[in-house]
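Please treat every number below as a calculation from the coordinates, not as lab data. Not measured: the values here are computed from a predicted model. Quick reminder, even Gly has a Cβ in these numbers, built from the backbone with ideal geometry, and neighbours come from all protein chains shown.
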Amino acid sequence: MSLLERLLGEDTPDEQVDLEERQHEADDTLNGRIDTAEYGIDACAVTGIAVVNEGPDGEPIVVPIARFSLGEDVEEPDYDLVWELVGEGLNALQPALEGVFVRHYDIQFTFDGDELFEAEECRRVAVTPDLADTFVSDASFNTGALRDAMLDADDIDDEIAPVAWGESKNYSSTANAAIVTNGAAMAAGTSAGAASCAGAGAAGAGAAGGTCGGV
């Protein structure tokens with residue numbers, strides 16, 4: 001039985017337990033770093049880790065997901081703020097996923113609607129592991145340098161990282177992906193860790209990680 005089949009089954013494989021612990025660690029770190037009032041945002045959370053494939057030794061290949069709600073009344077985001085939050089998301093996700101096969105990091109932004117899972121608009125910045133590693137480990141490679149590198153490397157294909165600003169990908173609608181979040185690996189359609197913005201509803205609220213300070 002493949003890893004994805006086991007993650008989508010009724011049992012709890014060791015890989016799932018490990019990823020759940022890493023998600024919780026990243027979510028705690030994000031909560032500790034973000035004051036929503038200071039940033040002027042509504043909420044944020046590490047909402048899940050999508051297992052999108054298996055490596056050559058059967059190890060999970062993952063996409064960790066952090067999501068920020070920019071506000072119900074925001075129609076056009078402040079992109080300077082967006083990139084600051086991308087940096088905060090990477091500083092929470094990358095250390096927690098050390099040693100895991102990461103395809104890329106998804107930093108998602110909702111706006112023009114209600115908080116993390118009911119907004120009308122949802123966009124993402126998809127950061128490659130090499131850029132994330134450099135950003136977290138090299139103090140001279142700051143948010144501006146990350147943004148410039150992402151813009152230079154983005155080839156306008158929203159499906160493949162790096163994506164400097166594109167449509168969010170709904171991993172829960174993909175048959176060959178599992179979302180690990182809050183103690184459960186959920187099949188397509190039941191996890192809001194990577195769900196589209198509008199219509200996630202109660203499933204979204206139940207699947208989210210913690211929300212950041214001030215919410």
Inset, instruction - Describe numerically, in nm with one decimal, the distance between label points set 7 Å from Cα along Cα→Cβ at GLU25 and at ALA139. - result: 2.4
Inset, instruction - For VAL102, enumerate residues with amide H under 5 Å from its amide H, sequence gap 5+ or separate chain, H modeled in the peptide plane. - result: VAL62
Inset, instruction - Taking the Cβ of GLY166 as the centre, find all other residues whose Cβ is under 9 Å away and add up their charges (Lys, Arg: +1; Asp, Glu: -1). - result: -2
Inset, instruction - Could you go through region 121-135 in sequence order and give the Karplus-derived ³J(HN,Hα) for each residue, using 6.51 cos²θ - 1.76 cosθ + 1.60 with θ = phi - 60°, rounded to whole Hz, and x for Gly and Pro? - result: 10, 9, 10, 9, 10, 10, 9, 5, x, 5, 5, 5, 4, 5, 4
Legend entry - Rounded FRET efficiency, nearest 0.05, which uses the C-beta distance separating ASP157 from ASN91 and R0 of 30 Å: 0.70
Legend entry - Total formal charge among the other residues, if their Cβ is under 10 angstrom from that of THR47, Lys/Arg +1 and Asp/Glu -1: -1
Inset, instruction - Apply the Karplus parameterisation 6.51 cos²θ - 1.76 cosθ + 1.60, with θ equal to phi minus 60°, to every residue of region 144-152 and state each ³J(HN,Hα) to the nearest whole Hz, in sequence, with x for glycine and proline. - result: x, 5, 4, 4, 4, 5, 5, 5, 5
Inset, instruction - Add +1 for every Lys or Arg and -1 for every Asp or Glu among the other residues with Cβ under 12 Å from the Cβ of ASN31, and state the total. - result: -4
Inset, instruction - Hey, can you grab everything whose amide H is under 5 Å from the amide H of ALA43? Only 5+ residues off in sequence or another chain; H modelled, so Pro and N-termini drop out. - result: SER69
